[in-house]
1. For segment 183-196, which residues satisfy the criterion of being in contact (Cβ under 8 Å) with a residue 60 or more places away in the chain, in a helix (DSSP H, G or I) and under 14 Å from residue 120 (Cα atoms)?
2. With 180, 172 as the choices, which residue is part of a helix (DSSP H, G or I), free of Cβ contacts under 8 Å to residues at least 12 places away in the same chain and either surrounded by 10 or more Cβ atoms within 10 Å (Cβ to Cβ) or out of contact with any strand residue (DSSP E or B) (no Cβ under 8 Å at 6 or more places or on another chain) (or both)?
3. Considering only residues that are touching a residue at least 40 places away in the same chain (Cβ under 8 Å) and in contact with a helix residue (DSSP H, G or I) (Cβ under 9 Å, 6 or more places away or on another chain), which ones fall in segment 153-169?
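Derivation of every value follows stated rules applied to the coordinates shown; laboratory data play no part. Please read these numbers as outputs of a predicted model, since none were measured by experiment. Note that we place each Cβ from the backbone using ideal geometry, even for glycine, and neighbour counts take in every protein chain shown.
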């Protein structure tokens with residue numbers, strides 16, 4: 001019997017596999033194929049659709065919003081949660097943090113003391129003996145005599161021998177304001193009496 005007749009009688013089909021295809025493919029030759037007896041399995045209308053594949057199949061889904069009221073509530077709640085998270089993050093980032101470090105207190109005390117010492121160095125008139133600036137002495141004791149006005153005292157401006165009214169008044173106003181606002185802070189670093197003496201001068 002010819003080979004073709006024998007194959008048709010036994011329902012033998014030659015198949016081969018390709019690694020990229022991931023499934024069995026029909027073959028026209030038995031030299032690169034394996035013999036499978038399909039008479040043992042039920043017939044399928046689709047020749048190769050029932051064979052398993054390693055590639056996933058896609059499914060089209062049509063999503064339809066049936067209740068827009070609940071959808072709007074969901075959107076509102078989601079946006080509110082996002083804004084709440086952002087607000088909390090900003091508050092945590094920008095609110096001042098309390099740190100009780102001894103080193104920072106020491107550095108603050110030194111900085112305030114040096115800033116107030118600048119005012120001690122600019123004093124005019126009968127220089128106080130208890131001043132921390134020891135190289136200074138009395139100065140400007142005849143200030144205003146030519147106009148028969150007593151202008152002794154006050155502060156020189158930026159290390160020179162000139163006294164300006166507006167800049168000195170502005171400086172003393174800010175210094176007085178800081179003493180009222182941060183009185184306890186000045187007291188904690190033992191500079192409250194010092195700043196009061198500078199304001200009175």
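1. Correct list: 194, 195.
2. 180
3. Hits for segment 153-169 are 154, 155.
Residue-by-condition table, conditions (1) in contact with a helix residue (DSSP H, G or I) (Cβ under 8 Å, 6 or more places away or on another chain); (2) exposed (fewer than 14 other Cβ atoms within 10 Å of the Cβ):
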| position | (1), (2) |
| --- | --- |
| 92 | no, yes |
| 110 | no, yes |
| 120 | yes, no |
| 144 | no, yes |
| 151 | no, no |
| 186 | yes, no |
